[in-house]
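As structure tokens, the structure follows; a few thoughts come after it.
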Amino acid sequence: MKITEFLDKRGIKLEMESTEKEDALKELVDVLAGVADIGDRKGIVRALIERENLGSTGIGQGIAIPHGKTDRVGGLIAVLGISHKGVNFEALDGEPVYIFFLLVAPKDTSGPHLKALAQISRILRDSYFCELLRRCKTPTEVFDLIKREEDKKH
């Protein structure tokens with residue numbers, strides 16, 4: 001499974017405005033709504049906040065992978081947000097978050113969702129790659145960078 005299979009260029013936002021957790025989640029869900037018919041945005045935001053209440057998906061080193069499930073999507077969808085200001089996301093290391101991968105999966109699945117989380121975590125472990133991501137100027141640059149990284153691994 002490749003990230004480029006469930007991430008659309010339209011789902012990449014390079015200049016996130018939000019600086020607080022809940023606002024960042026709403027902003028990412030708005031990006032998601034531009035890519036797929038997700039129905040009730042508030043329902044998805046609620047599901048993401050409920051997941052965050054179990055423990056922050058801010059995994060540290062400026063990265064967060066918020067995720068949730070809804071019966072409104074037919075398959076796995078991701079959006080990527082990059083913040084230059086940094087977001088107070090209650091990350092595990094207490095640092096601001098700059099790179100967000102929001103993942104939404106159908107309610108009745110777990111396999112693809114878990115594989116996607118593992119794949120995203122794997123490429124974001126590379127701090128040089130994350131630095132390159134943050135320097136990208138267009139969604140196409142971001143998408144191509146991820147594609148090149150995935151092609152190296154396969």
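Counting just the residues of region 14-48 that are part of a loop (DSSP other than H, G, I, E, B) and acidic (Asp, Glu), which one comes out surrounded by the most Cβ atoms within 10 Å (Cβ to Cβ)?
Here is the first cut: in region 14-48, the residues part of a loop (DSSP other than H, G, I, E, B) are 14-19, 34-40.
Adding the requirement that they be acidic (Asp, Glu) leaves 15, 17, 37, 40.
Working: Glu15: 9, Glu17: 12, Asp37: 8, Asp40: 10.
By that ranking, first place goes to Glu17.
Please tell me if Leu103 is in a strand (DSSP E or B), surrounded by 13 or more Cβ atoms within 10 Å (Cβ to Cβ), at negative phi and not acidic (Asp, Glu).
Values: in a strand (DSSP E or B): yes; surrounded by 13 or more Cβ atoms within 10 Å (Cβ to Cβ): yes; at negative phi: yes; not acidic (Asp, Glu): yes.
Criteria met by Leu103.
Anything in region 106-154 that is part of a helix (DSSP H, G or I), farther than 14 Å from Ile82 by Cβ and among the basic types (Lys, Arg)? List them, or say none.
If the condition is that a residue be part of a helix (DSSP H, G or I), farther than 14 Å from Ile82 by Cβ and among the basic types (Lys, Arg), then Lys115, Arg122, Lys147, Arg148, Lys152, Lys153 are the ones that fit.
Looking at (1) buried (at least 18 other Cβ atoms within 10 Å of the Cβ); (2) not in a helix (DSSP H, G or I), which one does Gly94 not meet, given that it meets all the others?
Unmet for Gly94, out of (1) buried (at least 18 other Cβ atoms within 10 Å of the Cβ); (2) not in a helix (DSSP H, G or I): (1).
Yes or no, residue by residue, for (1) of a type in the set (A, V, I, L, M); (2) closer than 23 Å to Glu17 by Cβ; (3) modelled with pLDDT of 90 or more; (4) touching a His at 6+ places or on another chain (Cβ under 6 Å):
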| site | (1), (2), (3), (4) |
| --- | --- |
| Val73 | yes, no, no, no |
| Gly81 | no, yes, yes, no |
| Glu95 | no, yes, yes, no |
| Leu102 | yes, yes, yes, no |
| Leu114 | yes, no, no, no |
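Please go through region 9-61 and give me each residue that is of a type in the set (Gly, Ala, Ser) and either in contact with an Asp or Glu (Cβ under 8 Å, 6 or more places away or on another chain) or on the phi < 0 side of the Ramachandran plot (or both), ordered by number.
First pass over region 9-61, keeping only residues of a type in the set (Gly, Ala, Ser): 11, 18, 24, 33-34, 36, 39, 43, 47, 55-56, 58, 60.
Those that are of a type in the set (Gly, Ala, Ser) and either in contact with an Asp or Glu (Cβ under 8 Å, 6 or more places away or on another chain) or on the phi < 0 side of the Ramachandran plot (or both): Gly11, Ser18, Ala24, Ala33, Gly34, Ala36, Gly43, Ala47, Ser56, Gly58, Gly60.
The values are calculated or read from the model by the stated rules, or taken from the named source; none is laboratory data. Since this is a predicted model, take the numbers as computed values, not measurements. Glycine also receives a Cβ, built like all others from the backbone with ideal geometry; neighbour counts cover every protein chain displayed.
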